[in-house]
Amino acid sequence: MAYDKRLDGRKFDELRPVEAKVGVVPRAVGSAMFKIGKTIAVAAVHGPRELYPAAFQNPTSGVLRCNYNMMAFSGSGDRVRPGPNRRSKEISMVMEKALMPVVDLSAYPGSVVDVFVELIQTDAGTRCAGICAAAMALAHAGIPMKDLVSSVAVGRVGGKIVLDLSKEEEDYEGHATDIATAFSIRTGQVTLLQMDGPLTREELKKALELAKKGCEDIKKIQTAALKIKYGDSK
Amino acid sequence: MSKLLVNEKEIVVPGQEIAEGIDFLPGDDVIRDKDKLVSTKLGMVSLNGRLVRVVALNGPYLPKRGDLVIGKVVGVGLGGWRVNIGWPFEANLSVKDASSDFIEKGADLSKYFNYGDYVMVEIINVSSFKLIDLSMKGPGLRKLGSGRILRVPSPKVPRIIGKQGSMIGLIKDYTGCKVSVGQNGFIWLSGDDPKKEVLAIKAIEKIEAESHTSGLTDRMKTYLESEKNGL
């Protein structure tokens, strides 16, 4: 069956509805919420603070430490077992690597900046939502950054290249290919690229262009959310 | 041709291009990337001739030599005290810099400053990120008595003090509280009436929330004037 129309009626290059808010965790140094479709991520930044065990300290620069966690009730019905698991460890690591190219912690040697990302509700694209929320929370915390990081998933569903897959599309019959990407739009750097499924060279090219366009739109929303916090509605 | 891409006092986000061309110079929290000046923080653009800088709205405290800060005593040793000044690593207050009184060698230093005491100190040396030396010799430097401690982000401290201390003077006048502000964002305040202390705290929180807006001193005056009657 040809995939002529997306399951939720979106255009092939259309994002799910996006919402972003800054300052959702008042006790944290910086925090942000990022919602894309039914996926909701909340990020909180603590630090810089002293890093223990001391063997992990870097005497020339601070360390960024991310923690990704899906809440027990966040999934589609089954309870998510709490605590770290192989998947969350991996996503924590790729989130760090996605944010590290823009974050400059050279002024805080030996210390750690903790970023906690909690997924309240999940419906595909959680690591991307987490990265978007974390980038905003870091900016809100006043950590020096060369750029914001914006992130979105692209993929191939039923032979069509689509932007921002939903859970139904990821589980689409036959092959659905899912690529998580993150961009630093100003520098043009790709900071995250994870592919799950087969794809031809041309399709990948087309998908990445689509992802960049999606990230540009997301960056506008992130920027507006940061500015509106301080009463700038432009 | 050099030109500004944003207005002065506009809020910018990290990675936002502020100016184009080589005539502008990068100041605090601004970096040059080829011919563009780029902000590295969420803050307000401020121009001073050719110098472009961003006044950050939040951010960690960076210890600087000469800063007067408020810290908490977290360690008492043989040769001095360890003090938490809101930096990831503890600062050192040695006996010789702590007092002009004679302190006998091997004396119990907790008699002078004990765990949990708050002190107003000056940073006299930042030799590396883990070695920060403090001194208590100077006007206004002392052990802080009973009172309340608040914390605000250190970039907001200049607004809380105001031009030539106008803002903090206003709070002191209206509430009658004694207030000390450290550059690191620790604030100590003490008054004879808890209600007045609460009003002073509310006022400081209001300044913190509205620090990026202009005409704040006048608004604070009206606010304190209206709240004063409730005391």
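Worth pointing out:
- Hits in region A:112-152 - residues which are touching a Cys at 6+ places or on another chain (Cβ under 6 Å) and open to solvent by 10 Å² or more (accessible area, probe 1.4 Å): none
- Leading residue by the ranking (surrounded by the fewest Cβ atoms within 10 Å (Cβ to Cβ)) among those in region B:1-49 that are away from every other protein chain (no Cβ under 14 Å) and either among the small types (Gly, Ala, Ser) or in contact with a Pro (Cβ under 8 Å, 6 or more places away or on another chain) (or both): B:49
- Across region B:50-70, the number of residues qualifying as within 14 Å of another protein chain (Cβ to nearest Cβ) and basic (Lys, Arg) comes to 2.
- For region B:9-27, residues that are charged (D, E, K, R) and either without any contact (Cβ under 8 Å) to a residue 12 or more places away in the chain or under 19 Å from residue A:226 (Cβ atoms) (or both) total 3.
- The listed residue being within 14 Å of chain B (Cβ to nearest Cβ) and part of a loop (DSSP other than H, G, I, E, B), out of A:28, A:2: A:28
- When residue A:144 is tested against (1) within 13 Å of another protein chain (Cβ to nearest Cβ); (2) in contact (Cβ under 8 Å) with a residue 60 or more places away in the chain; (3) within 22 Å of residue A:97 (Cβ to Cβ), just one condition goes unmet, and that condition is (2).
- Residues being within 11 Å of chain B (Cβ to nearest Cβ), farther than 10 Å from residue A:134 by Cβ and open to solvent by less than 30 Å² (accessible area, probe 1.4 Å) - total across region A:32-52: 3
- Hits in region B:98-107 (condition: surrounded by fewer than 18 Cβ atoms within 10 Å (Cβ to Cβ) and either touching a residue at least 24 places away in the same chain (Cβ under 8 Å) or closer than 17 Å to residue B:74 by Cβ (or both)): B:99, B:100, B:106
- If you go through region A:177-229 and keep only what is within 14 Å of another protein chain (Cβ to nearest Cβ), surrounded by 20 or more Cβ atoms within 10 Å (Cβ to Cβ) and not charged (D, E, K, R), you end up with A:182, A:183, A:184, A:191, A:215, A:218, A:222, A:223, A:225, A:226.
- Residue list for region B:132-186, filter: open to solvent by less than 10 Å² (accessible area, probe 1.4 Å), of a type outside the set (A, V, I, L, M) and part of a helix (DSSP H, G or I): B:175
- Residue B:199, sole failed condition from (1) at pLDDT 90 or above; (2) within 27 Å of residue B:59 (Cα to Cα); (3) open to solvent by 20 Å² or more (accessible area, probe 1.4 Å): (3)
- When residue A:129 is tested against the conditions (1) within 14 Å of another protein chain (Cβ to nearest Cβ); (2) over 30 Å from residue B:90 (Cβ atoms); (3) in contact (Cβ under 8 Å) with a residue 40 or more places away in the chain, the lone failure is (1).
- Some residue of region B:93-102 being assigned to a strand (DSSP E or B) and closer than 19 Å to residue B:181 by Cβ: no
- Put simply, of B:231, B:189, B:224 the only residue that is in contact (Cβ under 8 Å) with a residue 24 or more places away in the chain and part of a strand (DSSP E or B) is B:189.
- Matching residues in region A:81-112 - criterion: being assigned to a loop (DSSP other than H, G, I, E, B) and touching a Leu at 6+ places or on another chain (Cβ under 9 Å): A:100, A:102, A:105, A:107, A:108, A:110
The values are calculated or read from the model by the stated rules, or taken from the named source; none is laboratory data. These numbers were taken from a predicted model, which means no experiment stands behind them. Here the Cβ is made from the backbone with ideal geometry for all residues, glycine too, and neighbour counts use every protein chain on show. What goes into the accessible areas is simple: the full protein's heavy atoms, side chains included, and nothing from ligands, DNA or RNA. Shrake-Rupley method; radii C 1.70, N 1.55, O 1.52, S 1.80 Å.
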